[in-house]
Every structure is written in C-alpha cells, then in structure tokens.
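Trainee: The structure follows.
No lab work stands behind these numbers, since they all come straight from the coordinates. As the structure is a prediction and not an experimental result, all values here were calculated from the model. Neighbour counts run over all protein chains shown; Cβ positions are idealised from the backbone, glycine included.
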Amino acid sequence: MVLSKSRISLSILFSQAAAVLVMLVGACVLAGWALNVAVLKRISPNLVSMTANTAVCLLATGMVLFFQVKSKSNPTLTRLSTLLAIFVAVISSLTLLEYIAHLDFGIDQLLFVDDTRAAMQNPGRMAPITAISLVLCSLALLFDRQSRLSRYLAVAVLFFAALAITGYLFDVSSLYQVIGYTSVALHTAVSLMLISLGILASRPQQGMLAIILSDTAGGEMARRLLWTIPLLSVLLNWLIL
C-alpha cells in the first residue's frame, strides 16, 4: 500500500517524540527521587508515586525506541539498544518472579529507599501490571525486525495502559491495581501508552497503521474514527456516571 511521504514522516516524528517524552518522564522521576522532590515522583499527593526501577526502565525503553527509529543502520546504536532492551526485560522479569515466587532479589530499593510506600508491602517494587507491560515493551523492541510480533506486543501494552488510564478517569481502582499489590502510577500508564504508540508508529508502512495512513476512503474513515470513538466513549461514560 502506497503512503504519502508526509504521513510517513509525521508517523516517524511522532514515534521519536513519544520516545523523547518517555525519556523525559523517566529522567524527571529519577531526579525527583534523587532530590526528594515529591511532585516529580507523583503527579498529585493523592496519587501513587512512580518507583525508581520503573523510571529507569522507562528511560531505557525510550532510548531504545529513539535509537531504533533515529539510526537503524548504526551498528553501535543497534548493539546499545539491544543491551538496553535486554536490561529492561531482565529487571521487569525479575520483578514478576518476585511476585510469583514471593522472593526478594534486592532490586526494588537498590537505587533509592522508597519512603512513599512504607505502609505497603514490598515498597519500591513496580506494580505487576507495569512489570508485565515493560516485559512486553522490551520484547516488542527486541523483535523489531519481526514486525508482526512487535505490533501484537505493542497493542497488548496499549491495552493495559488504556485500562489503567480509564481507571484513573473514572476512579475504578480495579483497572490499575491488582488487589493487594502496588498500583500503576498515572504517569507510568501514560508513558506506557506513549511508548506502545511510538512502537506502532515507527513502522507506518506495515500492519493496520498502513491502512489508517492510506489515502483510500477506508483510511480516511479510520483516521476520523480513531479519535472520535475513544472521545465519545469517555464522554458518554462520564455522563452516565
């Protein structure tokens, strides 16, 4: 399917912008932990803070996406992005193993002591949904050449992130928290949504995105429905509540 160069460029630009925004979020949260600035760790005093490990993984994930989009032909950046993606996969997988096997590998508060969740079990540990999403993100980036698998993994992350954000919009904690475990921070959910959309946008000539960006009647209708359906769904649910 033939796409206009302008739409391809805009899609790639969006992917790069999403990667940069996620890196900024991760860096700001890490600065918040280092300088003990509460507003950087959590958006609001009433919301849960992003853990340091989550911030590090988001920063690394954003870098991987940016490197893959910016310079796919540079072998040094390719190796670096692969190492960073493996790092994210290892940290998030170990966190999941901690939950499943009731273990503590000492990675949760390795960088900073989490005093914001002192009353909670396993302070400093990223939420299970966050860990699962980061595993999927890292695999989507590692399998970049296998574009179909990468897209499926990115869509799964987008689904988890959208659920969490919807939970915050309508104050339904079951959508962003597994009962008895840490909640997904709001800025974590937004970052995961950005990174998943960035992964999908990095390949505008493949998959469903190629149809959405095409000049056909179906593409034009898809572009209109892409923003109207979510907006109307949120608005109608808000009015019902």
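Trainee: Relative to the compact-globule scaling 2.2 N^0.38 Å, provide the ratio for the alpha-carbon radius of gyration of segment 13-68.
Mentor: 1.16
Trainee: Given R₀ = 22 Å, what would the calculated FRET efficiency be for V20 paired with L94, taking r from the Cβ atoms and rounding to 0.05?
Mentor: That pair, V20 with L94, gives E of 0.20.
Trainee: Right, another one. How would you rank 102-109, 20-27, highest first, on the average number of other Cβ atoms within 10 Å across their residues?
Mentor: Per-residue mean Cβ counts within 10 Å order the peptides as 20-27, 102-109.
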